[in-house]
Amino acid sequence: MRLPAFITPNSLTIARLVLIPFGAVALFMNGGDDYNWQIISWWIFFILGLTDIFDGKLARSRQQITELGKFLDPVADKAMVGTAMICLSILDRMPWWITIVILAREIGITFFRLAIVKRGVIPANKGGKIKAAFQGFGTGFYVLPLDPSLYWFRDGFMYIAIALTIVTGAYYVRSAFRPQTTN
């Protein structure tokens with residue numbers, strides 16, 4: 001499928017940012033306990049997550065990788081997961097400590113990236129992408145109205161996401177201070 005030229009990777013990322021509130025609103029519909037609205041919210045966040053994959057592939061295929069895109073794409077990821085986590089914690093469906101640990105790392109790394117932007121944007125690495133996938137799926141399992149017998153899976157998945165969040169955050173900071181090699 002060939003997309004029109006006006007649909008750019010950055011426009012998809014911006015659209016993702018604009019549409020995040022719709023997933024949050026759906027999550028809160030009817031007090032946050034409505035099975036159908038939970039499914040709708042999950043689909044909204046899932047589709048937004050897919051656009052993250054799609055905009056990266058589009059950027060590479062069109063050779064439209066930009067500094068703005070390298071910065072904005074992870075911000076959109078963090079905004080999407082963070083919005084869902086805050087909503088879930090407000091609804092008492094996710095412990096606040098999980099939300100605080102993950103968002104503290106994500107916000108800290110975002111400010112860190114802004115502080116060192118003069119040295120160049122540090123692009124996402126494979127570990128960061130795996131971390132983002134675990135955060136997205138882990139949060140998605142909390143959005144879904146799962147049977148309580150599956151909470152062990154949901155929680156275990158999220159614990160892996162937390163570990164990856166901490167490890168990749170430390171790696172990201174450490175890599176920023178490594179001497180740059182030139183070819």
Next on the checklist: Quick check: pseudo-label points 7 Å beyond the Cα along Cα→Cβ at Ala115 and Ile100, how many nm apart are they?
Outcome noted: 2.2
Next on the checklist: For the full complex of protein chains and a 1.4 angstrom probe, list Tyr172, Tyr159 by accessible area with the highest value first.
Outcome noted: Tyr159, Tyr172
Next on the checklist: Quick check: residue separation of Ser61 and Arg93 times 0.36 nm, minus the Cα distance between them. What number comes out in nm?
Outcome noted: 7.6 nm
Item to check | Charged-residue dipole, Cβ positions (Lys, Arg, Asp, Glu), region 1-157 about Cα centre, Debye nearest 20 | outcome: 900
Next on the checklist: If I ignore ligands, DNA and RNA and count only protein heavy atoms, how much of Ser175 is accessible to a 1.4 Å probe, in Å² to the nearest 10?
Outcome noted: 30
Checklist entry - Counting Lys +1, Arg +1, Asp -1, Glu -1, what net charge surrounds Gly82 among other residues with beta carbon under 12 Å of its beta carbon? => result 0
Checklist entry - With all protein chains present, how much of the accessible area of region 31-71 (probe radius 1.4 Å) comes from carbon and sulfur, to the nearest whole percent? => result 65
Checklist outcome for this item: Stokes-Einstein, Kirkwood over Cα pairs, region 1-109, 20 °C, 1.002 mPa s; D in µm²/s equals 144
Next on the checklist: Pick from Ile162, Ile86, Ile47 the residue whose mean-square fluctuation is largest in a GNM of the chain, springs joining Cα atoms under 10 Å.
Outcome noted: Ile47
Checklist outcome for this item: Hull volume per residue for region 60-105, using the convex hull of the C-alpha atoms, in Å³ is 78
Checklist outcome for this item: Whole-Hz Karplus couplings 3J(HN,Hα) for region 50-56, θ = phi - 60° and coefficients 6.51, -1.76, 1.60, Gly and Pro as x, run 5, 5, 5, 5, 5, 5, x
Next on the checklist: Once you order the gyration tensor axes a ≥ b ≥ c over the Cα atoms, which shape class does the chain get: rounded for a/c under 1.5, otherwise prolate or oblate by comparing a/b with b/c?
Outcome noted: oblate
Item to check | Most mobile listed residue (Val25, Val75, Val143) in the chain, GNM with C-alpha springs under 10 Å | outcome: Val25
Checklist entry - For the chain, with every protein chain kept in place, what is the accessible area per residue (1.4 Å probe, Å²)? => result 58
Checklist outcome for this item: For the pair Val75 and Ile166, the simple spin-label estimate (label points 7 Å beyond Cα toward Cβ) gives in nm 2.9
Checklist entry - Where does each of Lys129, Lys78, Lys70 land when they are ordered by accessible area, with a 1.4 Å probe and the largest first? => result Lys129, Lys70, Lys78
Checklist outcome for this item: Residue-normalised 222 nm signal for the chain, counting each DSSP H run of n ≥ 4 as -39,500 (n - 2.57), nearest 500 deg cm²/dmol, is -26000 deg cm²/dmol
Item to check | With DNA, RNA and ligands ignored, accessible area of Tyr171 (1.4 Å probe; Å², nearest 10) | outcome: 90
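The values are calculated or read from the model by the stated rules, or taken from the named source; none is laboratory data. What you are looking at is a predicted structure, and each value in this text was computed from that prediction instead of being measured. All Cβ positions, even for glycine, are placed from backbone atoms using ideal geometry, and neighbour counts span all protein chains on display. Surface accessibility is based on the protein's heavy atoms, side chains included, excluding ligands, DNA and RNA. Shrake-Rupley method; radii C 1.70, N 1.55, O 1.52, S 1.80 Å.
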